[in-house]
Amino acid sequence: MLALLAEARSRVRAGIWASTLGTPPIYGRMTGVDIRPRPVQVARKALGDEAEVLVADARDVGPLTYDTVLICDVLHMVPYDQQERLLDAARRSLRSGGVLIVRDADAAAGWRFRAVKIGNGLKALLFGHWKQRFYFRTAQQWAELFARQGLVVTALPTRESTPFANIAFRLTSAPVSSATPRIPAHAG
C-alpha cells in the first residue's frame, strides 16, 4: 500500500496524474509497520526515502500521530483479544479528525470467503506456518468491534472487482454513544 501511495504522490507532484477517481491523498510522512524483518527489508529497499518502514508490533508502536492509519488484511491474523488491542493502538495514534481504514475479509460472504480461507491456508503452508490460525469475523461483527472501540463505522464493499470477500471500513473517532455500525445491505 505504501508503494502505491508513494507512486501516486510522485505522479501528482510530477503533474502526470490522470484518473477519473480524482487526486489521491498526498501524505507528507508515511510509515509502515510489520513484525517480520524480511518484508520490512524488502519494503525499505523498494521505497527508499518515500516512507519509513519499522520492524515492530503495531500493537506496541507509539507515540506516533497520523492523519490516516491503514490496516489491510491484518486483523484476521491476530487473536480476537489482540484485535482490540491493535485497534486501540491505531485509534490512539490518530490526530483529531483522523481516519482509520481497515480492510479484511467478511466471513459471511459465502464462496468468496472460502476463497480467502483457502488462499490464507495455502500461503501459511507454503511459508512453513502450518499451525497458523486465523480469526475472521463477519462484516457485522467487524463493525460491532469497531463501534466498541468508539469509532463511527462506514462499510465500503470492495469485492465487486475480485473473487475474494474483502470489505473495507472507514472509521473515525467519536464518542462511544454515537459510534453505531452502518453496514450496507449488499456488504454482508
Lone qualifier among ASP34, ASP49, ASP73 - being acidic (Asp, Glu), more than 17 Å from LEU156 (Cβ to Cβ) and out of contact with any helix residue (DSSP H, G or I) (no Cβ under 7 Å at 6 or more places or on another chain)
ASP49
Only residues that are assigned to a strand (DSSP E or B) and touching a helix residue (DSSP H, G or I) at 6+ places or on another chain (Cβ under 7 Å): list them for region 100-136, please.
LEU100, VAL102, ASP104, ALA105, ASP106
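In the list LEU47, LEU70, which residue meets the criterion of being surrounded by 15 or more Cβ atoms within 10 Å (Cβ to Cβ), out of contact with any Asp or Glu (no Cβ under 8 Å at 6 or more places or on another chain), outside any helix (DSSP H, G or I) and touching a residue at least 40 places away in the same chain (Cβ under 8 Å)? It would help to see each step written out before you state the result.
Working: LEU47 fails: outside any helix (DSSP H, G or I).
Step by step, each of LEU47, LEU70 is checked, and only LEU70 is surrounded by 15 or more Cβ atoms within 10 Å (Cβ to Cβ), out of contact with any Asp or Glu (no Cβ under 8 Å at 6 or more places or on another chain), outside any helix (DSSP H, G or I) and touching a residue at least 40 places away in the same chain (Cβ under 8 Å).
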Return the only residue of VAL12, VAL53, VAL40 being touching a residue at least 40 places away in the same chain (Cβ under 8 Å) and of a type in the set (Val, Ile, Thr).
VAL53
List every residue pair whose Cβ atoms lie under 8 Å apart, where the two residues are 6 or more positions apart in sequence or sit on different chains, the first residue falls within region 89-101 and is in the same structural domain as LEU145 (by TED's automatic domain parsing), and the second residue, located anywhere, is in a helix (DSSP H, G or I).
LEU100/LEU87; LEU100/ALA90; LEU100/ARG91
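With respect to GLY97, determine if the residue is surrounded by fewer than 16 Cβ atoms within 10 Å (Cβ to Cβ), more than 13 Å from the chain's Cα centre (by Cα), in a loop (DSSP other than H, G, I, E, B) and modelled with pLDDT under 90. Walk me through it before giving the result.
On the way: surrounded by fewer than 16 Cβ atoms within 10 Å (Cβ to Cβ): yes; more than 13 Å from the chain's Cα centre (by Cα): yes; in a loop (DSSP other than H, G, I, E, B): no; modelled with pLDDT under 90: yes.
Here the answer is no, as GLY97 does not meet what is asked.
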Quick check: is even one residue across region 163-183 crowded, with 19+ Cβ neighbours inside 10 Å, at pLDDT 85 or above and among the aromatic types (Phe, Trp, Tyr)?
yes
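Within region 1-27, work out how many residues are within 14 Å of LEU47 (Cα to Cα) and outside any helix (DSSP H, G or I).
Residues of region 1-27 that are within 14 Å of LEU47 (Cα to Cα), as a first pass: 1-10.
With outside any helix (DSSP H, G or I) added as a condition, the list becomes 1.
The total comes to 1.
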Based on this model, can you work out whether ARG112 counts as closer than 22 Å to PHE164 by Cβ and assigned by TED's automatic domain parsing to the domain that holds LEU156?
yes
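The values are calculated or read from the model by the stated rules, or taken from the named source; none is laboratory data. Everything numeric in this text was worked out from a predicted model, so none of it was measured. Virtual Cβ from ideal backbone geometry, glycine too; neighbours counted across all protein chains shown.
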